[in-house]
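The values are calculated or read from the model by the stated rules, or taken from the named source; none is laboratory data. Everything quoted here is computed from the prediction, not taken from an experiment. Methodologically, a virtual Cβ is constructed for each residue, glycine included, from the backbone with ideal geometry; neighbour enumeration extends over all protein chains shown. Just the protein is used for accessible areas: all its heavy atoms, side chains included, with ligands, DNA and RNA removed. Shrake-Rupley method; radii C 1.70, N 1.55, O 1.52, S 1.80 Å.
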Amino acid sequence: QVQLDESGGGLVQAGGSLRLSCVISGRTFSTTAMGWLRQAPGKGREFVASISRSGGDTAYADSVKGRFAISRDNAKNTVYLQMNNLNVEDTAVYYCVAKRGTSSTRAIDYEYWGQGTQVSVSA
């Protein structure tokens, strides 16, 4: 059974930083593309960032480009999302997601989801 466990969410002031982590188990990490999605209050789930199996290819939503960075450590079965210069619009539940094969910018393509971690940004 594939399991994704996120951590690192919390409350931060605008302009601050947080780093989310996600550990995957039950699947060979090096063959799994990873990503982060988020859902703000009253809104649908949206793509944030993705990273390929090797870590060589990354993609970002326009709203986070230049502020967020996704990375992975295949030795630790862990993917990270470094979030800098956070603003109030980044407030959401952040989900770690995974899929077989190539990475994707579409939420619907991801087969495995974590439970989510809350990120709250105050003005």
Report summary line: For the chain, the accessible surface attributable to carbon and sulfur atoms (probe 1.4 angstrom, ligands and nucleic acids excluded) amounts in percent to 44 percent
Query raised in the report: Hey, which lysines would be in cross-link range of Lys76, C-alpha to C-alpha under 18 Å, not counting anything within fewer than 8 residues on its own chain?
Result: Lys99
Query - Solvent-accessible area per residue, Å², over the chain with all protein chains present [probe radius 1.4 Å] - result: 49 Å²
Query raised in the report: According to a simple spin-label model (label point 7 Å from Cα along Cα-to-Cβ), what is the distance in nm between Ser120 and Thr28?
Result: 4.2 nm
Query raised in the report: Relative contact order (percent) for the chain, with alpha-carbon contacts under 8 angstrom and 6 or more residues of separation?
Result: 36 percent
Query - Rg over Rh, two decimals, the stretch 78-123 (C-alpha only, Kirkwood Rh) - result: 1.02
**Report entry** Mean Cβ count within 10 Å, highest first, over the residues of peptides 9-15, 76-82
**Finding:** 76-82, 9-15
